[in-house]
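Take a look at the structure set out below.
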Amino acid sequence: MKKFDINRRKFLKSAMLAGVGGISAPKVFSMENGVGKMSVDDGLAAKISKCRTLGSGKSAMKVSAIGFGCMGMTYNRSSHPGKQECIKLIRNAVERGVSLFDTAIIYGPFNNEELVGEALEPFRGNVLASTKFGHEIVNGKGTGRQDSRPETIKRYCDDSLRRLRTDCIELFYQHRFDPTVPIEDVAGTIGELIKAGKVRRWGLCEVGVDIIRKAHAVQPLTAVQSEYHIMWRAVENNGVLNLCEELGIGFVPYSPLNRGFLGGNINEYTVFDKNNDNRQSLPRFTHKAIRSNLRIVEILNKFGRERGMTSSQISLAWLLSRSPVILPIPGTTKISHLEENLRSLEFSISIKDWKMLESEISKIPVVGDRYNAEQQRQIRG
């Protein structure tokens, strides 16, 4: 394993210099020969050659080992670049071998799907987009309620197809469980959409083992998406991750860097946009919680310095080591962070070293719940 001196500022500066060129036609679609290596063009730019498979059988989907979460480009983050800059970044990610891009109807609402649809239109057939239904939207705004009635799912599906500029949704998640609609009915509706050729595969978000089993029995799932990172490991204890491995369902951790916190760029003085950043309402992002939880980032930094890795790379590499069914979808609006994330695949850490890291982190209690009470009520895991 490589050992060299590195710090985040130097890494990001060199990555930025590597990524300022224009976007050329995609050349990196030979991921089926993925051997777990990163190829490097032009001296520094990283490209993925490693892939993973979400789901099994007819529901399987083979994609790059790290995906791209697009939410923060338009939604729930304090600042984002302009539309054209976001499109350029997404296409840069495609050029580097990323082949799974995650969005949702509620992100915006609507404009995140539109952004992803425009950015990926030239690459149809080579890359895949996942999106999500389930949040009720009235007059262009989310109500905070869920709506997974069959007629709503079908309407949302047609709307998403138009915004994504495609004729089939590759992976359609139920964003949150709707307690008023049996999950078997949701699965049946998705089955109809699959037969109609409008949806290829489906998944669930933030649900428990009973719901997963019931849904999978009606229409096999490709993926389950839940929050999972080194500060939040509930899926290891509630049976969800084990069940995904048992049933051959992929597991997609969202917020794999704890909404940017594990990257080390957030501290107790960070100010979040009250109008467009949900972190300002989350208990884990109060000044007190941040101040206490930064001790975890310090441990990651120390561990990383000894191995030539940033805290973000340590966090992503740790996730990838947990199970072959795991595929994280970190998001970013910066080319330097994209470069940093992709290079997580470059490193190999021993089981002994991972256990040592986990032991050190376990000594520090995480302060603050991940969601406020209203948001937590929507979680069924």
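All of the numbers you see were taken from the coordinates with simple rules; none came from a lab. Remember, it's a predicted structure, so these values are computed and weren't measured experimentally. Using ideal geometry, Cβ is built from the backbone for each residue, glycine included, and neighbour counts are taken over all protein chains shown.
Simple spin-label model, 7 Å along Cα-to-Cβ: Glu298 to Lys83 in nm?
My value for the distance between the label points is 4.6 nm.
Which shape class applies to region 136-205: rounded if a/c is under 1.5, otherwise prolate when a/b exceeds b/c and oblate if not, where a ≥ b ≥ c are the square roots of the Cα gyration tensor eigenvalues?
oblate
Does anything in region 260-280 have its amide N under 18 Å from the 7 Å Cα→Cβ label point of Asn372, and if so which residues?
Under cut-off, by backbone N: 271-280.
Give me the mean projected area, in nm² to one decimal, of the convex hull enclosing the Cα positions of the chain.
Values: hull surface 69.5 nm².
One quarter of the hull surface, i.e. the mean projection, equals 17.4 nm².
Taking H as built 1.01 Å from N, whose amide H comes closer than 5 Å to the amide H of Ser226, not counting residues under 5 places away?
Glu206, Val252, Tyr254
If one computes P(r) from the Cα atoms of region 223-313, what percent of pairs lie at distances over 21 Å? Show your work: numbers first, answer last.
On the way: 1758 of 4095 pairs.
Counting every Cα pair in region 223-313, those more than 21 Å apart make up 43 percent.
Modelled label-to-label distance, Ile364 and Arg305, 7 Å Cα→beta-carbon offset: nm?
1.4 nm
Hey, quick one: spin label on Asp158, modelled 7 Å out along Cα-Cβ, who in region 80-116 has an amide N within reach, i.e. under 15 Å?
The answer is none.
Could you line up Arg259, Arg124 from fewest to most neighbouring Cβ atoms inside 10 Å? Present the calculation step by step, with values, prior to reporting the outcome.
On the way: Arg259 24, Arg124 15.
Listed from fewest to most nearby Cβ atoms, that is Arg124, Arg259.
Quick one: among Arg165, Arg91, Arg295, which has the greatest mean-square fluctuation in a GNM of the chain with alpha-carbon springs under 10 angstrom?
Among Arg165, Arg91, Arg295, the largest mean-square fluctuation in the Gaussian network model of the chain belongs to Arg295.
Can you tell me how much longer the chain between Lys214 and Trp232 gets when fully stretched, taken as 0.36 nm per residue apart minus their C-alpha distance, in nm with one decimal? Before the final figure, lay out each step's value.
Numbers: separation 18, 0.36 × 18 = 6.48 nm, distance 2.55 nm.
Length difference between fully extended and current span is 3.9 nm.
Summing Lys, Arg as +1 and Asp, Glu as -1, what charge do residues with Cβ under 13 Å from the Cβ of Asn238 carry, Asn238 excluded? Before the final figure, lay out each step's value.
On the way: positive: Arg233, Arg380; negative: Glu206, Asp210, Glu227, Glu236.
Once all neighbours under 13 Å are counted, the net charge is -2.
If you stretched the chain out fully between Met356 and Asp273, how much longer would it get, using 0.36 nm times the residue separation minus the C-alpha to C-alpha distance?
Numbers: separation 83, 0.36 × 83 = 29.88 nm, distance 3.69 nm.
Taking 0.36 nm per residue and subtracting the Cα distance, the gain is 26.2 nm.
Taking loop as defined by DSSP and a crowding limit of 16 other beta carbons within 10 Å, which GluC sites (Glu not before Pro) in region 283-351 fit? Don't jump to the answer; show the numbers that get you there.
On the way: sites: Glu298, Glu306, Glu339, Glu340, Glu346; in loops: Glu306.
Loop-located and lightly packed - Glu306.
Which entries of Lys50/Lys154; Lys47/Lys88; Lys141/Lys214; Lys83/Lys132 show an alpha-carbon separation above 23 angstrom in the structure shown?
On the way: Lys50/Lys154 35 Å; Lys47/Lys88 16 Å; Lys141/Lys214 31 Å; Lys83/Lys132 21 Å.
Violating the 23 Å limit, Cα to Cα: Lys50/Lys154; Lys141/Lys214.
Convert each backbone phi in region 361-370 into a coupling constant with the Karplus relation 6.51 cos²θ - 1.76 cosθ + 1.60 (shift: θ = phi - 60°), then list the ³J(HN,Hα) values in order as whole Hz, x for Gly and Pro.
Calculated HN-Hα couplings, in order: 5, 5, 6, 10, x, 6, 9, x, 6, 6 Hz.
Quick one: Karplus J couplings for region 191-199, per residue in order, coefficients 6.51, -1.76, 1.60, θ = phi - 60°, nearest Hz, x for Gly and Pro?
So the J values, rounded to whole Hz, are x, 5, 5, 5, 4, 6, x, 8, 10.
Pull up all non-local amide H partners of Ile326: gap of 5 or more, or a different chain, and H-to-H distance under 5 Å with H placed in the peptide plane.
The answer is Phe251.
For His287 and Thr143, compute 0.36 nm times the residue count separating them, minus their Cα-Cα distance, and round to one decimal in nm.
That works out to 49.0 nm of additional length.
With θ set to phi - 60° and the Karplus curve 6.51 cos²θ - 1.76 cosθ + 1.60, what are the ³J(HN,Hα) couplings of region 87-96 in order, to the nearest whole Hz, using x for Gly and Pro?
Taking θ as phi minus 60°, the curve returns 4, 4, 5, 4, 5, 5, 5, 4, 4, 8 Hz for region 87-96.
Could you pull out every residue, at least 5 positions away or on a different chain, whose amide H is within less than 5 Å of the one on Arg145? Hs are placed 1.01 Å off N in the peptide plane, and Pro or chain starts have none.
Those lying under 5 Å, H to H, from Arg145 are Glu136.
Charges only on Cβ, +1 for Lys and Arg, -1 for Asp and Glu: so what's the dipole of region 200-340 about the Cα centre, in debye to the nearest 20? List each step's numbers first, then the result.
Details: 17 positive and 13 negative charges, 34 e Å.
Dipole magnitude for region 200-340 comes out near 160 debye.
Among DSSP beta bridges whose residues both lie in the chain, state the antiparallel percentage, nearest 5.
Details: 12 of 36 bridges.
Here the antiparallel bridges make up roughly 35 percent for the chain.
Return the Rg/Rh value of region 64-201, two decimal places, where both radii are evaluated on C-alpha atoms and Rh is the Kirkwood radius.
Working: Rg = 14.8 Å, Rh = 15.3 Å.
Reported Rg/Rh, Kirkwood definition of Rh: 0.97.
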